Amino acid sequence: MNPTSSTNNSLDIAAVLLVVQASFSLVAGLSSLPFAIVEPGFRVLSVVTIVIAIGMFRLARNLRRGRRWAWRWLIAVELLSLAITSLLGLLPIGALRGPVPLLVNLVIPLSVVFLLAAGSGGRPTQAGPTDPA
């Protein structure tokens, strides 16, 4: 197995997780639109959430295409997401109750950062021939 295939596999898995995360954000933004009829603040929040989801879809696509700038932006976005999640976890408002918010806001960004960090290196970890036969 050559070392670039494991790098590509981890970036492919990260792209799939990003699509899942962006899908959850898109559903959250679209589901808050009916509440925007009554409260104008929800209009802004729902539009911002939808725009972030569209941006994450584009970043996932550009990550699959091998764009280095998309990798940098995704690291920044996921670390910002983790920082905001940790701040929300410290506030006594109950933002992270249950398994779904923990999965979407904590586990998926952590795994994406880990996969992007693992996929950033293209060097082999073992010395020796790549084909044992």
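Our coupling estimate for the stretch 76-91, obtained by passing each phi through the Karplus curve with A = 6.51, B = -1.76, C = 1.60 and θ = phi - 60°, is 5, 5, 5, 5, 5, 4, 5, 5, 5, 5, 5, 5, 5, x, 7, 6 Hz, Gly and Pro reported as x.
Kindly rank 22-33, 82-93 from highest to lowest mean number of other beta carbons found within 10 Å of each residue.
Numbers: 22-33: 15.8, 82-93: 11.9.
Put in order of decreasing packing, that is 22-33, 82-93.
Throughout, read-outs are computed from the coordinates displayed, never taken from laboratory work. Treat the numbers as computed from the prediction; the structure is a model and nothing was measured. A quick note on method: Cβ atoms are made from the backbone with ideal geometry, for glycine too, and the neighbour counts reach across all protein chains shown.
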